[in-house]
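The values are calculated or read from the model by the stated rules, or taken from the named source; none is laboratory data. This structure is a prediction, so every number in the text was calculated from the model and none was measured. Positions of Cβ are generated from backbone atoms using ideal geometry, with glycine treated the same way; all protein chains shown enter the neighbour counts.
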Amino acid sequence: MTFSDFNFDPQLLEGLQSMGFVKPTPIQAQAIPLILQHTDLIACAQTGTGKTASYLLPVLQHISVSDKKHTQALILAPTRELAQQIDQQVEGLAYFAGISSIAVYGGGDGIIYEQQRRAMMEGVDIVIATPGRLIAHLASGAIKLDHLKYLVLDEADRMLDMGFYEDILRIISSLPKERQTLLFSATMPPKIRTLANTILKDPQQINIAISQPAVGISQQVYMVHDHQKVKLICSLLKAGDYKSILIFCSRKETVKDLNRTLKREGIKSEAFHSDLEQEQRETVLRAFKSRVLPVIIGTDVLSRGIDVEGISLVINFDVPPDPEDYIHRIGRTARAETTGTAITFVNEKDQRRFSFIENLISKEIPRMTLPEELGEGPVYSPTTKRPSSNGNNRNKKKKVWVKRKD
């Protein structure tokens, strides 16, 4: 199958060719025909499978044959970084089709807010927005969605984890009831099912490789004491031939400390965290995408907020608190059928968390030997029995839904 089989508008196909799209991924091959038929859809697919294009292409096709008099599509995303990346992909795919879009997100100054407001009042075909900022624009009257035809919720599970459930329902209450609604999520917890039952009509469902890392990822683990972590990471970065590296830490204080340490060791890196201004974040991401900056250190905001091809190495400096977060973190490498390496450091207190990850992916990750000069690491001995492998027990902790502004 090729993209020509979908009978897209010639200008849309030209955009596909210019971006190097050759053949659809499995999620694209299944989702595009259903969306072209105007059916509602629930799609569960891991990160890096091409899900963004799987909904953008048919929506762009619908818009390309319409009169384009009103805003026709709204895409909700959990973070400003993801909203910007979706907007960039719209610009590339729709370059020859003359379809306009804007990314609407918080965190900027009054100038950015005014630019967003003016652009929406002048008219735009597609709005890509974080929930909190969109509500502010709706309240001000800057945007009218009375004629909206397509609603997409991207990374719906992440939006609910961030406390946007009520915001999403509030936004949907202002939309036409007759519309096509598409819900994309990496996981499908009960809260997502409840949301889907509330906002979708007779949806089709697609499940693609749920909760499994891409096959091209070489997963490795080092059992380490805390005092060995920094020396190990410096050794790996200096010895390896990695061009583009993401390092994940669980706390922004750790991100900042590790960044200072790597710079002292002569490793070119930058920290990416919530204390940065939006302009600083964008500068860091541009440098990383252009390969001027080889190393970014960040928290889990990066795990779903960055879409960069060719990342060769992902390091989990800390074991993520939730097994699903591990999937999203390491999913930044080996995208689009490429290969990459994912390394996780596991200290004594994180061994239980790590055992849950192996249970989730139904695989024992190869243990690597520490460099001789670092000495021995801790013996792997989880203190609790692993949950059963039926997948339903992977998250025994109770979720607390906290309202948060973006």
ask   = Considering Ala45, Ala29, which residue is among the aliphatic types (A, V, I, L, M) and in contact with a Lys or Arg (Cβ under 8 Å, 6 or more places away or on another chain)?
value = Ala45
key: Among residues of the range 300-331, those that are at pLDDT 85 or above and under 22 Å from Ala156 (Cα atoms), counted   = 4
Hits in the range 98-109 (condition: crowded, with 21+ Cβ neighbours inside 10 Å and in contact (Cβ under 8 Å) with a residue 60 or more places away in the chain) = Tyr105
inquiry  = Given the criterion more than 23 Å from Arg335 (Cα to Cα) and either surrounded by 15 or more Cβ atoms within 10 Å (Cβ to Cβ) or not assigned by TED's automatic domain parsing to the domain that holds Thr49 (or both), identify the matching residue among Ile217, Ile199.
reply    = Ile199
Odd one out for Gly15 among (1) part of a loop (DSSP other than H, G, I, E, B); (2) more than 21 Å from the chain's Cα centre (by Cα); (3) surrounded by 20 or more Cβ atoms within 10 Å (Cβ to Cβ) = (1)
message = Tally up the residues in the range 340-361 that are among the hydroxyl-bearing types (Ser, Thr, Tyr) and out of contact with any Ser or Thr (no Cβ under 7 Å at 6 or more places or on another chain), please.
response = 2
ask   = Of the residues Phe356, Phe317, Phe288, which single one is under 17 Å from the mean Cα position of the chain (by Cα), aromatic (Phe, Trp, Tyr) and not assigned by TED's automatic domain parsing to the domain that holds Ala103?
value = Phe288
Candidate set: the range 259-275, residues that are assigned to a loop (DSSP other than H, G, I, E, B) and either under 19 Å from the mean Cα position of the chain (by Cα) or not assigned by TED's automatic domain parsing to the domain that holds Asp241 (or both); chosen: the one modelled with the highest pLDDT = His273
key: Residues (outside any loop (DSSP other than H, G, I, E, B) and touching a residue at least 12 places away in the same chain (Cβ under 8 Å)) located in the range 185-197   = Ser185, Lys191, Ile192, Leu195, Ala196
note = Every listed condition ((1) closer than 23 Å to Pro378 by Cβ; (2) free of Cβ contacts under 8 Å to residues at least 12 places away in the same chain) holds for Asp241 save (1)
Matching option when the condition is small (Gly, Ala, Ser) and free of Cβ contacts under 8 Å to residues at least 24 places away in the same chain, among Gly132, Gly141 = Gly141
task = Provide a single number: the residues in the range 83-134 that are of a type in the set (Asp, Glu) and more than 26 Å from Leu16 (Cβ to Cβ).
result = 3
query = Do any residues in the range 353-368 that are without any contact (Cβ under 8 Å) to a residue 24 or more places away in the chain have Cβ atoms under 7 Å from those of residues that are among the acidic types (Asp, Glu), where the two are at least six apart or on different chains, and which pairs are they?
reply = Glu364/Glu358
request  = Report, ordered by the first and then the second residue, all pairs with beta carbons closer than 8 Å, sequence separation of six or more or different chains, a first member in the range 52-65 that is over 25 Å from Pro78 (Cα atoms), and a second member that is assigned to a helix (DSSP H, G or I).
outcome  = Ser64/Gln11; Ser64/Leu12
task = Determine, yes or no, whether Val59 is surrounded by 15 or more Cβ atoms within 10 Å (Cβ to Cβ), assigned to a helix (DSSP H, G or I) and out of contact with any Phe, Trp or Tyr (no Cβ under 8 Å at 6 or more places or on another chain).
result = no
key: Sole residue being assigned to a helix (DSSP H, G or I) and modelled with pLDDT of 90 or more, chosen from Ile99, Ile112, Ile27, Ile75   = Ile27
request  = Output the number of the condition that Leu151 fails; it satisfies all remaining conditions of (1) at pLDDT 95 or above; (2) within 24 Å of Pro10 (Cα to Cα).
outcome  = (2)
task = Could you list all residues from the range 31-53 that are part of a helix (DSSP H, G or I) and either of a type in the set (A, V, I, L, M, F, W, C) or modelled with pLDDT of 95 or more (or both)?
result = Ala31, Ile32, Pro33, Leu34, Ile35, Leu36, Ala53
inquiry  = Quick test for you: out of Val124, Val90, pick the one residue that is β-branched (Val, Ile, Thr) and either under 18 Å from Lys51 (Cβ atoms) or not in a loop (DSSP other than H, G, I, E, B) (or both).
reply    = Val90
